[in-house]
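Reviewing the structure listed below.
Where a number appears in this text, it was derived from the coordinates with a stated rule and is not lab data. No experiment lies behind these values; they were computed from the predicted model shown. Ideal geometry is used to build each Cβ from the backbone, glycine not excepted, and the neighbour counts take in all protein chains shown.
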Amino acid sequence: MYIDQLVSADGNYLLTWNEVKRLNNNNFRGPKPNWFKVLENEFTLSNYRTLTYPLNDNYTIPARLQQIPDQSLGNHRKRNEWTYHWDARLQTCIMGKTYIQDTDTNSSITIMEHYLPYNNSLISNNITPQIPHSLPLILTPCPGCHLNDHSLILQDARIKCSISTRTNRLSTFNTFNHLNQEHKRFKNLLLSKYYVSTKPLHQIRHSAYNIYLSQHNVNIVTPITTTLEILSLHDENHVLRQLSSVIDSALLCDDNIKLILIDIASKFFSYTNFQFYSDGSVSDIGTINSKSGFGWIQTDPLLPQLSFSGSTIFFPSSFKSESFAILTILLVLPPNATCEIFTDSQNCIDTFNQRLGSPSISPRRRLKQNNFLIWDLIMWLISHHHLTIQLRKVKGHSNDKANDQADALAKQGRYSLAPIIINHKFFH
Ligand SMILES: [Zn+2]
């Protein structure tokens with residue numbers, strides 16, 4: 001299953017299950033699967049089906065947070081500056097044309113004329129038909145709403161709705177010049193005053209929300225930050241509860257899978273030195289039947305020889321499968337454990353060594369790293385649970401019994417109907 005079979009072309013909207021089925025030539029049968037419901041519940045904003053994070057394995061980093069420029073102290077009339085910001089109370093994006101920026105050394109307030117997106121789904125067919133999400137954003141002056149603070153009433157009587165906001169909350173966008181064809185083509189709408197944004201509404205909305213989240217450091221799921229090593233033995237239950245809660249908040253999947261992992265974690269809990277064989281397996285790459293499976297088995301003879309297999313969706317690759325195998329091993333290890341993992345993925349070994357070597361990886365480089373969220377979680381577990389991990393290369397298809405078992409588990413994982421996804425909210 002590929003991500004573009006589930007989301008709109010721009011990656012920002014989750015399709016409805018009916019749309020997914022139609023796009024995939026009705027190759028999916030039966031009722032809406034649980035993992036899709038998880039996506040709907042955990043990854044979308046309100047009823048717009050806007051994805052909280054575009055599901056493309058990449059973060060959107062807020063483009064720019066405004067600073068107060070020194071030279072602009074005082075009252076400034078601003079012309080043609082368009083701003084947007086997220087209103088948390090209304091759960092919506094507010095857009096407007098800056099009128100005055102009032103700046104002193106401590107703060108800066110911007111007063112803007114409120115603009116609303118024109119309902120352009122009503123635009124007649126003589127304009128090239130487009131999918132709803134990529135319709136141009138046409139802005140018209142707000143005729144007055146409950147947000148109006150009347151602060152511009154003396155300056156300009158034509159302004160029907162004005163909003164004052166701290167300047168540092170605002171981000172800017174551009175509109176097309178009135179002489180531009182993109183502007184002119186809406187003349188026939190006979191709007192007395194309108195502007196056409198160079199960016200579509202969903203993009204602005206999405207950016208507004210992301211900037212809001214990053215500025216407010218919103219904690220949706222709080223990862224465990226307690227230092228586990230300071231807890232003594234009689235706190236065993238407490239530590240186990242914490243391990244369970246990490247498993248619970250780091251993964252989005254069927255509860256039964258979480259329970260299986262928690263059960264394994266409790267059986268491993270009293271041991272320290274582990275040895276695993278892990279493997280990943282991808283079938284039918286490039287088709288809608290593509291499945292990404294992974295599996296592992298604990299092979300130290302003195303410890304329980306427990307095994308696990310599972311699957312994941314979106315961008316199936318053997319690297320992703322192998323990374324998932326390593327991640328799920330780390331999730332079931334007790335704090336302070338030492339663990340040797342045999343894998344045939346040189347890519348994982350390289351990524352692991354690279355990450356260990358530079359713990360403070362730059363955001364830019366991090367974005368370039370495939371599947372960075374899985375690896376963020378792997379590195380987080382190593383540091384928070386004080387794990388000592390060694391990845392060792394095993395030759396693929398060698399006649400190694402443990403390796404064959406891992407291989408079989410990974411293949412078996414491909415048939416798992418309930419995929420495991422990383423919870424993007426874990427680090428927020
Ligand atoms: Zn208004």
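Take the alpha carbon gyration tensor of region 228-427, find the square roots of its eigenvalues, order them as a ≥ b ≥ c, and report rounded if a/c is under 1.5; if not, report prolate when a/b exceeds b/c, else oblate. It is rounded, given that a/c, with a ≥ b ≥ c, falls under 1.5. Over all other residues within a Cβ to Cβ distance under 13 Å of C348, the charged ones net out to 0, with Lys and Arg as +1 and Asp and Glu as -1.
Centre-to-centre separation between the Cα atoms of region 284-345 and those of region 152-172: 54 Å. Model label points for D102 and L90, set 7 angstrom from Cα along the Cα-to-Cβ axis, are 2.0 nm apart. Ordering W82, W380 from the fewest to the most neighbouring beta carbons within 10 Å gives W380, W82.
With neighbour counts taken as other beta-carbon atoms within 10 Å, the residues Y277, Y115 rank, fewest first, as Y115, Y277. Under 1.5 on a/c is rounded, so check that first for region 232-281, then, if it is not, pick prolate when a/b is larger than b/c and oblate when it is not; a ≥ b ≥ c are the square roots of the alpha carbon gyration tensor eigenvalues. Cα axes put region 232-281 in the oblate bin. For the set K97/K187; K32/K258; K258/K425; K258/K411; K258/K395; K21/K411, the pairs lying more than 24 angstrom apart at their alpha carbons are K258/K395; K21/K411.
Excluding I257 itself, calculate the net charge of residues whose Cβ lies under 12 Å from the Cβ of I257, where each Lys or Arg counts +1 and each Asp or Glu counts -1.
Local charge sum for I257: -3.
Between F276 and T299, E340, I341, F342, the built amide H atoms are under 5 Å apart, and every one of these is 5 or more places off in sequence or on another chain. Put in order of Cβ neighbour count within 10 Å, fewest first, the listed residues R355, R29 become R29, R355.
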